[in-house]
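Okay, so here's the structure we're looking at.
Coordinate-derived values only; no laboratory data. The model shown is predicted, which means the values in this text are computed figures rather than measured ones. Cβ placement follows ideal geometry from the backbone for every residue including glycine, while neighbour counts extend to all protein chains displayed.
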Amino acid sequence: MEPRLRLPLGPAIARILRMPSGRHDYTVSHERVRMRDGVQLLTDVYVPVGTSSGAILIRTPYGRDGLIAQLTAGFFASHGYHVVNQSCRGTFGSGGDFDPFSQEIADGADAVAWLRQQPWFGGRFALWGASYAGHTAWAVMLDPPPELATAVVAISAHDAHWVVHGAGAFSLEEVANLMDGLGHLDVGAARGILRGVTASRRLRPAFEDLPLTRAQDTVLSDSGMPYRDWLQATDPEDPVWRNMRLGPALARVTVPVLLQTGWQDRFPAQMLEQYERLQRRGVAVGLTIGPWTHVQTATKGAGTVMTEALDWLAEHLSATSDRQRPSPVRIFVTGAKEWRHLATWPPPTEERVLYPQPDGGLSETVPPPRNSPTAFTYDPADPTPAVGGRVINPTIGGHRDNRKLEERSDVLIFTSTPLVEPMEVIGSPRVELVYETDNPHADFFVRLCEVRQDGRSINVSDGFTRLKPDQPNGPIQLRLDAIAHRFKPGVRIRLQVSGGAHPRYARNLGTSEDPSTGTHLAPSQRVIFHGDGGFSRVDLPCQPVRLWTATPR
């Protein structure tokens, strides 16, 4: 088929998303790229009119036409890059069956082998990918090709087992939504949006019915996705995960890598690990974390992340600009509503300790040693619900008002007095709970909230753990999500303590049954000590005022 001339990204769309408008027209040709097993993957090649600034490889399950392709492959082509936009196996006309995340290592290597044989290929290329396409980029970097010059990865994890079981409990809501979405990629944009909006209602049986395996045969029966396999493969060394754990790429890649995410995205923990491991090895790595959820990174954050991507590619691929990134790390400080440039992550901080008080307070004063503990009962038949937080579904995630949740008897809250001066927390808070439970099969979910002057309690950072059956009593430390947040004068800091966040994490049945096949439920009572028996505490990594007040906005 003859290449067809296309125009750059429309000025109206560019203005809405605050993305820089490209100036290059480009053509798109359609190829069939043969994999080593004979399967052919449909691939679009974008060729800018005029001189090319280099080649970019994108491997995606989201299709090669429509708005996503226009905002990614078309965007880079309009800025002068050759772009290879390939549909993953079993998606949008590509041959073979789609087995999510497990086939990208071999297929990615074969795509690169095809790329290096093209007469227009100049000998160097970049990888770009967001979300699933970010995983395909890490799959190529597992055995980095010598022609690879740089990579840009956004809102993506490198370890699928961590995504599914890394917290210690099955990520029920996320996996059910993921399997539902990936199983219906070809329904079209309008129906896809409708399915996303109605997902929580449609998938409710997957969240509420027991055993959890039943969902494979009910609400996910037409998806064709490996839900049951993922649910039951709790061991990271299980063969199910063999081709989906790409951590070794972090020990092998040597080219510059730009990482981009949002504080309320699902994957900051993985992307911070990517940054820290690459940085320790001396790899040139950039990290940007904005005030976004997963979806907002591609909408509200599009102007920022795509402008940064262009600058990074100009510096490390095309060498068309001598502009360098101002600092390795760029973060948005929520609360302060300002961007901050850092030399590294985490920055230097000073620890401040807050103690839960027996009257429900939270202060820097150590409670008297004879205070009685506080207790609550967790009932898996009425599991404590999840509200907001780092989930992909935009209808339920992000910053939310927690007041209704905090009215429940199975949620303890400890609240400070209004702050008289600002407190800026940058890093990963820690909560140490001194506890007892009458049932060794138990979870803890802890959360920091900002209680605003109008009474709204907005989640800022979370932590979750599933206790080991031989650890029914004693202190335990929970490392909360990394944050960069300024608590302003007049707000209060609140600590929540509960026994779960369902269906974000599958409820603990309270029994020794396999969580995937069990059906019996048993409640459990937790006791939290803040005096007699020990002192629970919250450790906050705070940026000294003298540092952040001197930082230019």
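Some notes on this structure:
- Assuming charge only on the beta carbon of Lys and Arg (+1) and of Asp and Glu (-1), the dipole of the chain about its Cα centre is about 1640 debye to the nearest 20.
- Lys, Arg +1 and Asp, Glu -1 on Cβ, resulting dipole of the stretch 350-548 about Cα centre, debye, nearest 20: 580 debye
- Hull volume in cubic angstrom per residue (convex hull over the Cα atoms of the stretch 314-411): 210 Å³
- Global size of the chain: 24.4, 82 Å for Rg and Dmax (C-alpha atoms, Rg to one decimal, Dmax whole).
- Reach of K337 by Cα under 21 Å, taken over lysines that are not fewer than 8 positions away in the same chain: K300, K488
- Added length on full extension, which subtracts the Cα-Cα distance from 0.36 nm per residue, D311 to K488: 60.3 nm
- In nm, spacing of pseudo-spin labels at V283 and S29 (7 Å Cα→C-beta vector): 3.3 nm
- For the stretch 350-548, the Kirkwood estimate of hydrodynamic radius, built from reciprocal distances between every pair of different alpha carbons, is 17.3 Å.
- Using the Cβ-Cβ distance between H341 and R15 with R0 set to 30 Å, the FRET efficiency works out to roughly 0.65.
- The residue among G50, L71, A381 whose Cα reaches farthest toward the positive pole of the charge dipole of the chain, with charges on the beta-carbon of Lys, Arg, Asp and Glu, is G50.
- Set of aspartates and glutamates near K404 by C-alpha distance (under 16 Å), chain-local residues within fewer than 8 positions excluded: D382, E450, D454
- Lys/Arg +1, Asp/Glu -1 at C-beta; the stretch 166-245 dipole; positive extreme among A176, W230, G196: G196
- Contour excess over end-to-end distance, with Cα ends at R252 and D143 and 0.36 nm allotted per residue: 38.5 nm
- Rounded to the nearest 20, the size of the Cβ-charge dipole of the stretch 249-368 about its Cα centre is 360 debye, with Lys and Arg at +1 and Asp and Glu at -1.
- Rg in Å to one decimal, and Dmax rounded to a whole Å, for the stretch 166-245 via C-alpha atoms: 13.1, 39
- Top positive-direction residue, dipole computed over the chain with Cβ charges, set T365, Q270, I458: I458
- Beta bridges from DSSP with both residues in the chain: antiparallel share about 70 percent, rounded to the nearest 5.
- Rounded tilt (10° steps) of 268-280 against the dominant C-alpha axis of the chain: 70 degrees
- Degrees between helix 104-115 axis and first principal axis of the chain (Cα, 0 to 90, nearest 10): 30 degrees
- Nearest 10 degrees, 0 to 90: helix 302-313 Cα axis against the chain principal axis: 60 degrees
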